[in-house]
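Below you'll find the structure, written out as structure tokens, and then a few comments.
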Amino acid sequence: MRTRVAVTVVMVWALTTGSLSLVSQGPAFAAKATPVNVTLQEFKIRPKPRSVKAGATKFVVKNVGAVDHEMVVVRSDGQPLPLAADGSVDEDAIPASATVGEVEDVAPGKSKKFTMKGLEPGTYALFCNVVDQSGSTTLAHYAQGMHTNFTVRDASRAAAKRTINGRVTYPGNALDGHKIIIAINRQGDAGPPAYSATLTKTGAYTISNIADGTYTVLAFVDLGDDMGAPQANEPVGTYDPDANGVADLVVLEGGVGVKSIDVSLEDR
Ligand SMILES: [Cu+2]
């Protein structure tokens, strides 16, 4: 049966974007706690690195300053922390669920460490909440700028991020050494494909580094070996799971990839 393919393509393509791998990568497993070295001083707090993958995290906190400091870890998700009148963080106003942990009373030249078993993805505030009292003067280290953000990334999502993958099938026999071109077009864009890749045989494909957006996916056998748009005689198909002859839309949001974007090619 012949299916009409309702996808607009142009004659000249530049097949330069996108990258192709035939083997998709599995999730990354973190067997050991990721070390984060944090230095404290007047009045700075510096984690290295500033971002880790989710999972066990070991904070090694060193005071390189001249007075006592501490480090408190709170999940903030980028929101401002509640402050007390003296300019320190009002820790009593922070929900227990957001309080991750702390090391107190780190003396000058000393280090303390603690390990978080399952640090979840999100944005965290690292800060020193020491308040020095001297007569009638109070000095909140937080108010002096002794705070910073720390990011925990979703490891599994990072692995699957920004990819479109699926399979190309073709029951015909015109392949005969020609390439299969997979083209990802932005919805409503009649220009060259936003992303493309080639396969030397039918099977699995993965195209990486796709920006968020709404796309259609087309594949065809490049019988003319011109790496150009599909010609009238070239076997073609779209991602069309409801098989109504119109390419279905593929949506990427929040950097999350999509799977099973399968395309079946037909002779015509
Ligand atoms: Cu401090």
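Structure data summary
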quantity	calculated
Any hit, the stretch 241-252, residues being in a strand (DSSP E or B), surrounded by fewer than 12 Cβ atoms within 10 Å (Cβ to Cβ) and acidic (Asp, Glu)	no
Selected residue (criterion: farthest from the ligand (Cβ to nearest atom)) from residues of the stretch 132-151 that are of a type in the set (Val, Ile, Thr) and more than 38 Å from the chain's Cα centre (by Cα)	137
Any hit, the stretch 99-116, residues being in contact with a Pro (Cβ under 6 Å, 6 or more places away or on another chain) and surrounded by fewer than 16 Cβ atoms within 10 Å (Cβ to Cβ)	no
Unmet criterion (only one of (1) out of contact with any Ser or Thr (no Cβ under 8 Å at 6 or more places or on another chain); (2) among the aliphatic types (A, V, I, L, M); (3) at pLDDT below 90) for residue 81	(3)
Listing of strands (runs of 3 or more DSSP E) fully contained in the stretch 36-137 that carry 3 or more residues being aliphatic (A, V, I, L, M)	55-63, 69-75, 99-106
Test for residue 113: is it assigned by TED's automatic domain parsing to the domain that holds residue 148, farther than 16 Å from residue 145 by Cα and at pLDDT 90 or above	yes
Filter result for the condition that a residue is without any contact (Cβ under 8 Å) to a residue 60 or more places away in the chain, closer than 30 Å to residue 231 by Cβ and not acidic (Asp, Glu), over 172, 188	188
In the stretch 37-72, residue farthest from the ligand (Cβ to nearest atom) [restricted to those that are of a type in the set (A, V, I, L, M, F, W, C) and crowded, with 20+ Cβ neighbours inside 10 Å]	52
Long-range neighbours under 8 Å by Cβ, at least six apart or interchain, first residue in the same structural domain as residue 121 (by TED's automatic domain parsing) within the stretch 140-151, second of a type in the set (Asp, Glu) and more than 12 Å from the ligand (Cβ to nearest atom)	140/86; 143/86
Residues within the stretch 214-240 that are surrounded by 15 or more Cβ atoms within 10 Å (Cβ to Cβ) and farther than 25 Å from residue 175 by Cα, tallied	1
Evaluation of residue 55 against (1) modelled with pLDDT of 95 or more; (2) at positive phi (one fails), failing number	(1)
Tally of residues being within 11 Å of the ligand (Cβ to nearest atom) and crowded, with 17+ Cβ neighbours inside 10 Å across the stretch 117-131	4
Test result for residue 167, closer than 30 Å to residue 209 by Cβ and either surrounded by fewer than 16 Cβ atoms within 10 Å (Cβ to Cβ) or at pLDDT 95 or above (or both)	yes
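The values are calculated or read from the model by the stated rules, or taken from the named source; none is laboratory data. Note that the coordinates shown come from a computational prediction; the quantities given were computed from them, not determined experimentally. Positions of Cβ are generated from backbone atoms using ideal geometry, with glycine treated the same way; all protein chains shown enter the neighbour counts.
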